[in-house]
Amino acid sequence: KSGRYTAMTIIRTSIKTIVFLVGLFSTFKRKVASIGVKDAIFFIANRALRMLLHSKTLLFMADLTNYSYVAQPQLKITILEIKSFADFSHDQKNQLKEYGGYELLESFKKKFTIGYRMILSYFDKDVAGATWIYVGGANIFFHVPLSSKQFLILSVFTIDKFRQKGIGAENLRLILKKMKTEGFISCYICTKEWNFYQKAIHKANFHLIG
């Protein structure tokens, strides 16, 4: 049993390492295309260092029972839920493919198959990013069940050229507004301690709970 446990631990660790390296390399390719090789190397080195020194996972919650959305019209940000992969327009696919290639679109297909909900964020008339949502059921992240009136924001990304425009926090606020109108009472999101995205999470009225 001890040997089998050790082997499984090694396998899981190897898989996590491979996923980490693939993700880092994918980010590096995008950064090279947008900011050049030199700045991309510096960005990846800085991120890798933060990952090593600040690896703790932080869990946040937003209570929607008393949530009130305050419009930010100067940001020109809107959201649109896409019900299935077939609902993507040709233009939407092209904008996403330009950012993450065919690999990104293939990953979207898989997430739709699993049953996750997907929301596109727009800056003016351009696709600026995407958010994946998990609603209710057994939760593999917290190992506790979510009720049918709770949801988890699984992942969020913003296309590089739209970063530093206030999209992160406003995207979350708009999602909370949308989900509250559907009768949801709370939202959870988690991120790593090293991830600067936690600033947007705080601005969107989430509170650290673990």
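The values are calculated or read from the model by the stated rules, or taken from the named source; none is laboratory data. Values in this document were obtained by computation on a predicted structure and should not be read as measured data. Neighbour counts are summed over all protein chains in view; Cβ atoms, including those assigned to glycine, are modelled from backbone coordinates with ideal geometry. The protein model used for the area step is the full one, side chains on, heavy atoms only, and it has no ligands, DNA or RNA in it. Shrake-Rupley method; radii C 1.70, N 1.55, O 1.52, S 1.80 Å.
Structural remarks
- Between H207 and Q74, the simple spin-label model (points 7 angstrom out along Cα→Cβ) gives 2.9 nm.
- Bridge type composition, the range 106-210 - antiparallel percent by DSSP, nearest 5: 80 percent
- For S155, the residues whose amide H sits under 5 Å from its own are W132, ignoring neighbours fewer than 5 places away on the same chain, with H placed 1.01 Å from N.
- Potential extension, K178-A86 segment - 0.36 nm per residue separation minus Cα distance: 30.9 nm
- Placing dummy labels 7 Å off each Cα toward the beta-carbon, the span from K199 to K149 is 3.6 nm.
- Potential lengthening of the chain between Q164 and N94 amounts to 22.9 nm, from the contour at 0.36 nm per residue minus the alpha-carbon distance.
- Accessible surface of Y197 - all protein chains present, 1.4 Å probe, nearest 10 Å²: 50 Å²
- Taking all protein chains as they are arranged and a probe of 1.4 Å, the heavy atoms of H90 leave approximately 140 Å² accessible to solvent.
- Cα gyration tensor, the range 141-210 - rounded (a/c under 1.5), prolate or oblate: oblate
- Accessible-area composition of the range 52-103, carbon plus sulfur, in percent [1.4 Å probe]: 56 percent
- Note on K125 and N66: the extension gain reaches 18.1 nm, defined as 0.36 nm multiplied by sequence separation minus the Cα-Cα distance.
- Rolling a 1.4 Å probe across all protein chains gives D87 an accessible area of roughly 90 Å².
- Solvent-accessible surface of the range 77-210, averaged per residue with a 1.4 angstrom probe and all protein chains in place: 52 square angstrom.
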